[in-house]
Amino acid sequence: MSAAQETLRRLREARVIAVVRVEQPGQTAPAVAALHDGGLRAIEVTWTSPAPADELAAARARYGPGLLLGAGTLRAPADVQAAVEAGADFLVSPHLDPRLLDAMLEADRLALPGVLTPTEVARALEAGAQAVKLFPSSLGGVDYLKALLDPFPGLAVVPTGGVNEANVSEWLDAGALAVGASGRLCPRDAIAAGRWEELSEAAARFAAAAGLREP
């Protein structure tokens, strides 16, 4: 089993990817700790945050291989190289760019290119992607995912955007590999104010909604 396939398997078990986007240096580490304490085992550090490679590397050093760590909002091949060197298990882009996707696939990590339309899904799969990120999934909702899976049965897809604790189970029951959650799980105002307990509580609610722990 390749590294990408193993990550795919583990993401299916993790069910929820917490997407961490911070605005000030030093906020990523406590955010990751809070989400981990709340019961989540897959966390994506976005490349729009300050010093993301350093923060991801620090999380890898602290939690080892037990925590799935992703690099998100990748927009250039250079981002991919930095993410791999920092220890990312999976690589996520908000869009479908052939040059970027090639770099992600060549890195021997699970690539999650951002797609929205059936054409983009087909192009990502033809390029060799094993999974895709449906973004922003709020545009079509769960019904759109169900419709997309008709022509692409078995598609490994991670809906992201508009996911909350009330609809996590709907996305998963509809066939999502896992879900990506940011705003409702990692509110920027809570991160900015250092309200880490709030993040832990949100993580616990998401974990319960995804069937990872008792409510």
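Of Leu134, Leu212, all but one fail to be under 17 Å from the mean Cα position of the chain (by Cα) and at pLDDT below 95; the exception is Leu212. If the condition is being among the aromatic types (Phe, Trp, Tyr) and either within 19 Å of Leu185 (Cα to Cα) or touching a helix residue (DSSP H, G or I) at 6+ places or on another chain (Cβ under 6 Å) (or both), then segment 12-68 contributes only Trp47. When the residues of segment 66-104 are filtered to those that are small (Gly, Ala, Ser), under 16 Å from the mean Cα position of the chain (by Cα) and in a loop (DSSP other than H, G, I, E, B), the one that is farthest from Ala33 (Cα to Cα) is Ser93.
Collect the residues in segment 69-93 that are more than 11 Å from Trp47 (Cα to Cα) and surrounded by 21 or more Cβ atoms within 10 Å (Cβ to Cβ), keeping them in residue-number order. Outline the logic, then answer.
The first filter runs over segment 69-93 and keeps only residues more than 11 Å from Trp47 (Cα to Cα), leaving 69, 77-78, 81, 84-90.
Within segment 69-93, Leu69, Ala88, Asp89, Phe90 meet the criteria.
Residue count for segment 76-117 satisfying the condition of being of a type in the set (S, T, N, Q) and out of contact with any Leu (no Cβ under 7 Å at 6 or more places or on another chain): 2. Only one entry in Arg15, Arg10, Arg41 is more than 13 Å from Asp89 (Cβ to Cβ), modelled with pLDDT of 95 or more and touching a Leu at 6+ places or on another chain (Cβ under 7 Å), namely Arg15. Annotation: of all residues in segment 69-112 being touching a helix residue (DSSP H, G or I) at 6+ places or on another chain (Cβ under 9 Å) and among the acidic types (Asp, Glu), the one that is modelled with the lowest pLDDT is Asp108.
The values are calculated or read from the model by the stated rules, or taken from the named source; none is laboratory data. Keep in mind that this is a model prediction, so the values were computed, not measured. Virtual Cβ from ideal backbone geometry, glycine too; neighbours counted across all protein chains shown.
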